[in-house]
1. From the square roots a ≥ b ≥ c of the eigenvalues of the alpha-carbon gyration tensor of segment 1-70, which class results: rounded (a/c under 1.5), prolate (a/b over b/c), or oblate?
2. Once a ≥ b ≥ c are taken as the square roots of the eigenvalues of the Cα gyration tensor of segment 75-117, is the result rounded (a/c under 1.5), prolate (a/b larger than b/c) or oblate (a/b not larger than b/c)?
3. What percent of all Cα-Cα pairs in the chain falls in each 10 Å bin, counting up from 0?
4. Relative to the longest principal Cα axis of the chain, at what angle does helix 68-79 sit, 0 to 90 degrees, rounded to 10?
5. Kindly state, to the nearest 0.05, the FRET efficiency for residue 7 paired with residue 48, given R0 = 35 Å and r defined as their beta-carbon distance.
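Any read-out appearing in this document is the output of simple, stated calculations on the displayed coordinates, not a laboratory observation. Worth saying up front: this structure is predicted, and the values here are computed from it rather than measured. So basically every Cβ, Gly included, is an ideal-geometry build from the backbone, and we count neighbours across all protein chains shown.
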Amino acid sequence: MARRDLSGAVDFSVLEGMTGGDDAIGEEVLGLFVQQAAMWSPMLDVREDGWRDGVHTIRGAAAGIGAGALTEACAAAEAAGKAEAPPLLDRVRDALDVALADVAAFRHELMLRSLKG
């Protein structure tokens, strides 16, 4: 994966603005995003008592890195009632998958930059 693999699901200028363009901090933030996604994505099911907490946490993490579509999908699911939530949670999971793919490609780019020094 490399920058050419980016889908546009994440606006990395948001991350770069937040980190002042420091690649090491950007890598750390993206690593935390991946950890948050792994920890909270199993909760994206209305059969889980904490599904809304999972959506809320992923929403905040997504906003912090510039994952706009994921942030919007989370907001819609978080606002929904339990009966309306299942298809919205599917949308969250799909948007999360795309965002994670972009994050992986961008982290690869950061790794290559660090090797070039």
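1. Prolate.
2. prolate
3. P(r) over the chain, rounded to whole percents: 15, 46, 27, 10, 2, 0.
4. Approximately 20 degrees, to the nearest ten.
5. E(calc), rounded to 0.05, equals 0.80.
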